[in-house]
Amino acid sequence: QVQLVESGGGLVQFGGSLRLSCVASGSIFSVNTMGWYRQAPGKQRELVATVSRGAATTYADSVKGRFTISRDNDKNTVYLQMNSLKPEDTAVYYCNARLRRREQWPEMNYWGQGTQVTVSS
């Protein structure tokens, strides 16, 4: 079994900051790319940011310069530092990890249960 558990969501005012964390645990051989996605009411889930095992990052244009993704490979943990938050950042944020459970097994995508981020104007 593999679990991804997010934490750090909540309610924050316009211009505020939040830091999300996600820990991957269970039977894991290696973790490749980790990332954050979000889904606002009535909208499709969208990519926010990803980070490779080697720390290469990608960001959605809407969050560049405001959000920073990072990871701790020893702890199988990914973080999302969110600054200068706007009401349009309100969404459920989901953690994603592409990982291998056994050395000879193929990589698969796993998702967390989501954490709510609400930004008030």
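Each row is one residue, and each column tells you yes or no for (1) on the phi < 0 side of the Ramachandran plot; (2) part of a strand (DSSP E or B).
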{"residue": "A24", "(1), (2)": "yes, yes"}
{"residue": "T33", "(1), (2)": "yes, yes"}
{"residue": "D61", "(1), (2)": "yes, no"}
{"residue": "G65", "(1), (2)": "no, no"}
{"residue": "I69", "(1), (2)": "yes, yes"}
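Being loosely packed, with under 15 Cβ neighbours inside 10 Å and either touching a residue at least 24 places away in the same chain (Cβ under 8 Å) or closer than 16 Å to A49 by Cβ (or both) is the filter here, so list the residues in region 88-106 that pass it.
Start the filter on region 88-106 by keeping residues that are loosely packed, with under 15 Cβ neighbours inside 10 Å, which leaves 88, 102-106.
Within region 88-106, E88, R102, E103, W105 qualify.
May I ask you to say which residue of T68, T33 is surrounded by fewer than 18 Cβ atoms within 10 Å (Cβ to Cβ) and in contact with a strand residue (DSSP E or B) (Cβ under 7 Å, 6 or more places away or on another chain)?
T68
Which of the residues that make up region 21-30 are within 17 Å of G9 (Cα to Cα) and open to solvent by 30 Å² or more (accessible area, probe 1.4 Å)?
Scanning region 21-30 gives a single hit, V23.
Go through region 81-121 and report how many residues are of a type in the set (F, W, Y) and at pLDDT below 95.
Matching residues across region 81-121 total 1.
Pick from L85, L18, L11: which is open to solvent by 60 Å² or more (accessible area, probe 1.4 Å), more than 20 Å from N109 (Cβ to Cβ), among the aliphatic types (A, V, I, L, M) and in contact with a strand residue (DSSP E or B) (Cβ under 8 Å, 6 or more places away or on another chain)? Before you say what the answer is, go through the steps one by one.
Numbers: L85 fails: open to solvent by 60 Å² or more (accessible area, probe 1.4 Å); L18 fails: open to solvent by 60 Å² or more (accessible area, probe 1.4 Å).
The conditions single out L11.
Can you tell me which of L47, L4 is modelled with pLDDT of 95 or more and either open to solvent by less than 40 Å² (accessible area, probe 1.4 Å) or in contact with a His (Cβ under 9 Å, 6 or more places away or on another chain) (or both)?
That would be L4, the only listed residue that is modelled with pLDDT of 95 or more and either open to solvent by less than 40 Å² (accessible area, probe 1.4 Å) or in contact with a His (Cβ under 9 Å, 6 or more places away or on another chain) (or both).
The values are calculated or read from the model by the stated rules, or taken from the named source; none is laboratory data. None of the values given here were measured: they were computed from a predicted structure. Counting neighbours? That spans all protein chains shown, and the Cβs are built from the backbone with ideal geometry, glycine included. All accessible areas refer to the heavy atoms of the entire protein, side chains included, with ligands and DNA or RNA removed. Shrake-Rupley method; radii C 1.70, N 1.55, O 1.52, S 1.80 Å.
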